[in-house]
Amino acid sequence: MASVDEFNRLPEAAARHALGDCCSSGRWIDAVAASRPYRDLQALLGASDAAVAALTEPDLRAALDAIVDWGRPKRVMLLVLVDRGHRELPIRADFVGKNVPTSLGEHVKVQLRETDGVDAVLIEGDDE
């Protein structure tokens with residue numbers, strides 16, 4: 001396993017490839033790669049958590065598909081901070097921090113203290 005400093009020094013393409021070995025969601029890779037360099041492992045993990053919180057159902061499907069590349073798991077469990085409903089795929093979280101009903105035009109924005117300076121769940125409309 002490479003250190004955070006080694007990860008920070010990787011060329012962009014190599015860093016994105018390394019991230020893709022962890023999670024094949026392009027949105028997650030983009031978010032984590034864009035936040036380099038990281039001061040320490042906690043900062044990297046915080047960015048990863050924030051990126052995961054922003055994944056859509058198709059992004060989660062891509063991330064779950066990558067798990068099979070490591071072998072067939074006996075069980076996969078999904079935890080989400082906020083479930084707003086509106087299923088695009090037949091994926092349901094096993095653990096939900098908070099159910100927040102929204103309209104189709106609203107989006108949930110999760111802010112984390114590690115990356116945003118505050119823990120918050122915001123509902124934003126399309127016009128914002």
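Tabulated data for the structure shown
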quantity: Contact order normalised by residue count of the chain, Cα under 8 Å, 6+ apart, percent; calculated: 19 percent
quantity: Point-to-point label distance, residue 39-residue 14, nm (Cα→Cβ direction, 7 Å offset); calculated: 2.6 nm
quantity: Fraction of antiparallel bridges per DSSP, the chain only, in percent to nearest 5; calculated: 60 percent
quantity: Hydrodynamic radius of the chain per Kirkwood, over alpha carbon pairs, in Å; calculated: 16.0 Å
quantity: Peptides ranked, highest mean first, by Cβ atoms within 10 Å: ranges 49-60, 66-77, 5-16; calculated: 49-60, 5-16, 66-77
quantity: Probe 1.4 Å, accessible area per residue of the chain, Å²; calculated: 69 Å²
quantity: The chain - percent of accessible surface contributed by carbon and sulfur, probe 1.4 Å; calculated: 54 percent
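The values are calculated or read from the model by the stated rules, or taken from the named source; none is laboratory data. Remember, predicted model here, so these are calculated numbers, not experimental data. All Cβ positions, even for glycine, are placed from backbone atoms using ideal geometry, and neighbour counts span all protein chains on display. Remember, those area values only see protein heavy atoms, side chains included, never the ligands or the DNA or RNA. Shrake-Rupley method; radii C 1.70, N 1.55, O 1.52, S 1.80 Å.
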